[in-house]
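Below is one structure, written out as structure tokens; comments come after it.
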Amino acid sequence: NAVIGRYRLSVQSTSSDSSSPASLGTFVLLFNPWSSGDDVFMPNKAECEEYVLEEFGIIFAGNKNHINNFGWNFGQFQGDILNICLSMLDRSLNYRQDPATDVSHRNDPKYLGRVLSAMVNANDDQGVLLGNWSGNYEGGKSPSSWTGSGEILQNWKKSGFRPVRYGQCWVFAAVLTTVLRCLGIPTRTITNFSSAHDADRNLRVDEFYDASGNHLDRTADSIWNFHVWNESWFSRSDLGPSYSGWQVLDATPQEESGGIYQCGPASRKAIKEGDVDLDYDCPFVFAEVNADCMYWNYDPATGKKTLIFSKSTVIGQFISTKAVGRDDRVDVTNDYKYEEGSTKERDIFKKARKKLGLEDKFDPTAPTPQEVDQKPDISGKFKVAGPLEVGKDLNLILVLTNLQSDVKTAHVNMTAWSTVYTRRPVHEIWKDSISVTLSPKEEKKFPIKIPYTEYQQQLTTDNTIQVTALCHVEGGIQVLVQRDITLDNPAIYIQILGEAKVNKEVDVEVIFTNPIDMEVMDCVLQVEGNDLLRGILETDVPSLKASEKSSIKFKLIPFETGPKHLLVNFSCDKFAAIKTFKMVNV
């Protein structure tokens, strides 16, 4: 339980008359998950290997209908990273305000986890990364273009500790993983799909749409396609042994906690049991995986809002992390909550509301029980009809079904917007409206085609489009149909030409074929990989005509044996951040 950090070691001889001790140098003390007395002790050795020693990771993204992933180079043992992590502690607000007290708490992983969750974002303390969710990343690097934490941490130090531009949730989480693993705290990244950002602590997320079906940006609440945070493993002496184990930390600046942008550690066990009154930030994390959703129609002219429908099973799906020792996805949703729709899950939700004082308080913004119970006359859904790929036309089918035994007429307003992964609308892409008459119990299908030429200019680097149909049913309540689409980038391939041996050159070929019938320009290839090459290799690639294939060759000289990962990121004017990775056995 000693304080971690850099120590000076000197020796004092008692026999000689000289009183000044001789310096033997310095050493760095870290947490030790292999030692049973340590707060971070992790009994499973394979988990220690993965969550402390592994420098490569896989982060899950996309949306609940379409999960994708990319590799990340945590690189916690690369040159200078340890020094940067230690200087991060000395640049925190706590250290600046009271160095002696701050240092005396550095034996406590829950203290350091909280401090570092604040230091990884730039808010409040000139920390490592500046967040940007606008869709415009001028003056910095687009968040999706990073492939590892090393470049970010090195840039922060090189610039005299000025925040690096730009981060989004997975970048904050990946950098925090690097720092905590470097200090010896077992840590992993977690992706939550359909993640709630509940800004007003009422365990409810409100979304507003206008009569045309446009998603309005008029509330601090939001539902992200996905959100990435961290779990770190340590004991909770402050809460009791049943709350030890995985703790949620989140370095993405979303809401202030204790006056600054930090989040956690929140015991995962406390989240599952609805113990939202326990330290730290449990209500926010509980809402991320459990909040109820309310969808409203809002009339900007009158300010009147009408509930369209509410759902309690949308939020917190397919909660994912990388498997130990394998490149697979593991689903940990059941570690965060009881099964959706079960009575136990609803009981826990009520318990959390009660602990937050929401059960007894009248909420004027909440829908009435009558509004919640109203039943729609028709139902609808968007079906995908064709490939979801950047460069191809987007083909969907709107399926509308009359649930009643009499004829129903509806006027349907449809829109498609490009968004960032937080589902914030950025550009309108397409709109249309139709009038529909449905016989009793009839189902009708309406094909929708959004050509590539119409969305190409508007797409953000997240490749996300939100499609909405708002159905105004005559004599009935409105029906909202929506779907979030994540388009896949084209594929890129890595080939290792020959056997990889230490200190011997090996040729690598990266192959990319332009899938669209227009030229792609400003092509850049970025490559990184610990123990395979030093730093980041960046190569300009000539423009590619329609359907043209590009082969980029370069040499590696590996300097360590074992399984190593090569990460590749290819960008051009039409495609942002086409990523892949390959394991190389040296």
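Could you tell me whether the range 217-236 includes any residue that is at pLDDT 95 or above, in a loop (DSSP other than H, G, I, E, B) and not β-branched (Val, Ile, Thr)? Scanning the range 217-236, I find at least one residue that is at pLDDT 95 or above, in a loop (DSSP other than H, G, I, E, B) and not β-branched (Val, Ile, Thr), so the answer is yes.
Among the residues of the range 407-443, those identified as small (Gly, Ala, Ser), open to solvent by 30 Å² or more (accessible area, probe 1.4 Å) and assigned to a strand (DSSP E or B) are Ser433, Ser435.
Of the strands (runs of 3 or more DSSP E) entirely within the range 492-586, those holding at least 2 residues that are surrounded by fewer than 19 Cβ atoms within 10 Å (Cβ to Cβ) and modelled with pLDDT of 95 or more occupy 492-497, 506-513, 537-541, 549-556, 578-585. The combined condition, being in contact with a strand residue (DSSP E or B) (Cβ under 6 Å, 6 or more places away or on another chain) and assigned to a strand (DSSP E or B), is not fulfilled by Leu459. Just one of (1) modelled with pLDDT of 95 or more; (2) of a type in the set (A, V, I, L, M); (3) open to solvent by 30 Å² or more (accessible area, probe 1.4 Å) fails for Ala22. It is (1). Whether a residue is open to solvent by 30 Å² or more (accessible area, probe 1.4 Å) and within 25 Å of the chain's Cα centre (by Cα) was assessed, and Lys64 passes this test.
So which residues in the range 237-286 are closer than 15 Å to Ala352 by Cβ, open to solvent by 20 Å² or more (accessible area, probe 1.4 Å) and outside any helix (DSSP H, G or I)? Of everything in the range 237-286, those that are closer than 15 Å to Ala352 by Cβ, open to solvent by 20 Å² or more (accessible area, probe 1.4 Å) and outside any helix (DSSP H, G or I) turn out to be Asp277, Leu278, Asp281. Figure legend. Inter-residue proximity from the range 366-379: first residues in the same structural domain as Lys305 (by the TED database) and over 20 Å from Asn402 (Cβ atoms), second residues assigned to a loop (DSSP other than H, G, I, E, B) and small (Gly, Ala, Ser), beta-carbon distance below 7 Å, spacing 6+ or different chains. No pairs are indicated. Looking across the range 195-204 at every residue that is surrounded by 24 or more Cβ atoms within 10 Å (Cβ to Cβ) and out of contact with any Cys (no Cβ under 8 Å at 6 or more places or on another chain), the one that is modelled with the highest pLDDT is identified as Ser195. Considered as a group, the residues in the range 287-309 that are among the polar types (S, T, N, Q) and crowded, with 19+ Cβ neighbours inside 10 Å include one that is nearest to Leu470 (Cα to Cα), and that residue is Asn297. One residue stands out in the range 169-199 among those that are under 19 Å from Gly274 (Cβ atoms) and not aliphatic (A, V, I, L, M): the one that is nearest to the chain's Cα centre (by Cα), namely Asn192.
The strands (runs of 3 or more DSSP E) found wholly in the range 304-406 and carrying at least 3 residues that are modelled with pLDDT of 95 or more and touching a Gly at 6+ places or on another chain (Cβ under 8 Å) occupy 394-402. Among all residues of the range 218-234, there is none that is of a type in the set (A, V, I, L, M), open to solvent by 30 Å² or more (accessible area, probe 1.4 Å) and under 19 Å from Leu480 (Cα atoms).
Can you pull out the residues in the range 234-257 that are under 28 Å from Tyr421 (Cα atoms) and in contact (Cβ under 8 Å) with a residue 12 or more places away in the chain?
Selection gives Trp246, Gln247, Val248, Leu249, Asp250, Ala251, Thr252, Pro253, Gln254, Glu255, Ser257.
The values are calculated or read from the model by the stated rules, or taken from the named source; none is laboratory data. What you see is a predicted model; the values in this text were computed from it and never measured. Virtual Cβ from ideal backbone geometry, glycine too; neighbours counted across all protein chains shown. Only protein heavy atoms, including side chains, enter the accessible area calculation; ligands, DNA and RNA are left aside. Shrake-Rupley method; radii C 1.70, N 1.55, O 1.52, S 1.80 Å.
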